[in-house]
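Novice: Take this structure, written in structure tokens, and hold onto it; I'll ask about it next.
The values are calculated or read from the model by the stated rules, or taken from the named source; none is laboratory data. This one's a predicted model, so the numbers in the text were calculated from it and none came from an experiment. As a convention, Cβ positions derive from the backbone with ideal geometry for all residues, glycine included, and neighbour counts pool all protein chains shown. Keep in mind that these areas ignore ligands, DNA and RNA; they rest on the heavy atoms of the full protein, side chains included. Shrake-Rupley method; radii C 1.70, N 1.55, O 1.52, S 1.80 Å.
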Amino acid sequence: MAYIIQLTEKGTNLKLPLEKQQTRIGRDPGNDISLDDELVSKEHALIEIVVNEDNVEFYLQDLGSTNHTFVNDAPVDLHRLQDGDFIRIGMNDFRFVSQAPDSLDETAQLYKSWIPGVFYTGKKKKKKVSSKKKAAKKK
């Protein structure tokens with residue numbers, strides 16, 4: 001199953017499953033995903049699932065919005081989504097995830113950097129233990 005994950009400043013990320021063949025995104029409450037944002041058009045964008053013989057593809061289409069739809073900080077009219085793509089609609093940031101829900105644990109810990117449109121996972125680095133300390137622990 002695929003998701004788009006709405007990224008927030010507070011780190012509480014909202015997982016939105018893409019279950020329908022077409023998912024409409026916009027400011028109008030009648031959309032599948034309604035965004036309360038003045039920079040978002042009433043009908044802003046559409047995510048469409050295309051099933052081929054051997055795979056499933058996801059396409060993001062801008063619906064002629066005033067402020068455009070962005071993928072990885074580039075404006076797009078039609079874009080084939082890849083796992084990990086960052087989507088910006090108005091002031092809302094999303095990450096596209098095309099994997100199973102079990103693999104979303106890491107994405108729940110994304111943090112926004114001071115650079116617009118850049119996020120990081122916040123993984124902790126493992127401390128290296130010297131061989132002397134290892135030998136001391138064995139004794």
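Novice: Quick check on the stretch 84-102: of everything there that is open to solvent by 70 Å² or more (accessible area, probe 1.4 Å) and in a loop (DSSP other than H, G, I, E, B), which residue is farthest from GLN22 (Cα to Cα)?
Specialist: Selected residue: MET91.
Novice: Kindly establish whether GLY117 is modelled with pLDDT under 95 and touching an Asp or Glu at 6+ places or on another chain (Cβ under 6 Å).
Specialist: Working: modelled with pLDDT under 95: yes; touching an Asp or Glu at 6+ places or on another chain (Cβ under 6 Å): yes.
Yes; evaluated as a whole, the condition is true for this residue.
Novice: Now for a separate question. I'm trying to understand the selection: among the residues of the stretch 18-31, which are within 17 Å of VAL50 (Cβ to Cβ) and surrounded by 11 or more Cβ atoms within 10 Å (Cβ to Cβ)?
Specialist: Filtering the stretch 18-31 for residues within 17 Å of VAL50 (Cβ to Cβ) gives 18-24.
Within the stretch 18-31, LEU18, GLU19, LYS20, GLN22, THR23, ARG24 qualify.
Novice: Taking only the stretch 32-55 into account, find how many residues are surrounded by fewer than 11 Cβ atoms within 10 Å (Cβ to Cβ) and either of a type in the set (Val, Ile, Thr) or touching a residue at least 60 places away in the same chain (Cβ under 8 Å) (or both).
Specialist: Here the count works out to 1.
Novice: For the stretch 2-17, enumerate the residues that are surrounded by 12 or more Cβ atoms within 10 Å (Cβ to Cβ) and assigned to a loop (DSSP other than H, G, I, E, B).
Specialist: The answer is ALA2, THR8, GLY11, ASN13.
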